[in-house]
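Asks: Let me give you the structure first, and then I'll get to my questions.
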Amino acid sequence: MSLPLFLLLTALAYSGFSALCLSMEKHQLDLHGTARAGVARMRRWRWLGLSLLALALLVASHAEGWARGPVIWLGAMTAAGLSLALGVLPYRPRWLAGLGWALAGLTTLAALRAWLA
């Protein structure tokens, strides 16, 4: 397993967890105050988060095979979850959405670079 692959999986998992956090009312209130998102938007956040986590699983399994891929995926999800829960949410909750979008963009650029190479 390579370090860029693990960073890509961690960034995908972080973006997925960020979207799942934004689908929860508590984190919506932390981010926006009383002007939280509607039910339909929160449902879209939930589907986006689950889709990003599933995409990370597919990338890991494609790169490392189904024997090692899910194990690496769980490690990346652990790293992303710990950095989100212990780093961003307690101290900088307003960074949640921006950092999630930034990492999603970086993973897209990394995927395009790998595809073009």
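The values are calculated or read from the model by the stated rules, or taken from the named source; none is laboratory data. Predicted, not measured: the structure shown is a model, and the values here were computed from it. For neighbour counting, all protein chains shown are included, and Cβ atoms are generated from backbone atoms with ideal geometry for every residue, glycine included. With ligands, DNA and RNA removed, areas are computed over all heavy atoms of the protein, side chains included. Shrake-Rupley method; radii C 1.70, N 1.55, O 1.52, S 1.80 Å.
Asks: Say whether the condition of being more than 17 Å from T108 (Cα to Cα) and outside any helix (DSSP H, G or I) is met by at least one residue in segment 64-85.
Replies: No - not one qualifying residue is present in segment 64-85.
Asks: Take the residues in segment 38-55 that are farther than 23 Å from R92 by Cβ and modelled with pLDDT of 85 or more; name whichever of them is farthest from the chain's Cα centre (by Cα).
Replies: Looking at the filtered set, the residue picked out is A40.
Asks: Could you list all residues from segment 85-117 that are farther than 18 Å from L52 by Cβ, small (G, A, S) and at pLDDT below 75?
Replies: A117
Asks: Still on this structure, please answer the following. Given the options L7, L50, L20, L55, name the one that is in a helix (DSSP H, G or I), touching a Lys or Arg at 6+ places or on another chain (Cβ under 9 Å) and open to solvent by 20 Å² or more (accessible area, probe 1.4 Å). Step through it out loud before you land on a result.
Replies: Values: L7 fails: touching a Lys or Arg at 6+ places or on another chain (Cβ under 9 Å); L50 fails: touching a Lys or Arg at 6+ places or on another chain (Cβ under 9 Å); L55 fails: touching a Lys or Arg at 6+ places or on another chain (Cβ under 9 Å).
Testing whether each residue is in a helix (DSSP H, G or I), touching a Lys or Arg at 6+ places or on another chain (Cβ under 9 Å) and open to solvent by 20 Å² or more (accessible area, probe 1.4 Å) leaves just L20.
Asks: Find the residue count for segment 58-78, including only residues that are more than 11 Å from L12 (Cβ to Cβ) and open to solvent by less than 40 Å² (accessible area, probe 1.4 Å).
Replies: Going residue by residue through segment 58-78, those that are more than 11 Å from L12 (Cβ to Cβ) are 61-72, 74-75, 78.
Now drop any that are not open to solvent by less than 40 Å² (accessible area, probe 1.4 Å), which leaves 61, 65, 69-70, 72, 75.
Number of matching residues: 6.
Asks: So, one more: If I go through segment 23-37 residue by residue, how many of them are modelled with pLDDT of 75 or more, of a type in the set (G, A, S) and open to solvent by 40 Å² or more (accessible area, probe 1.4 Å)?
Replies: Looking only at segment 23-37, we keep the residues that are modelled with pLDDT of 75 or more, and these are 23-26.
If we keep only those that are of a type in the set (G, A, S) too, we end up with 23.
This time we only want the ones that are open to solvent by 40 Å² or more (accessible area, probe 1.4 Å), so: none.
Total satisfying the criteria: 0.
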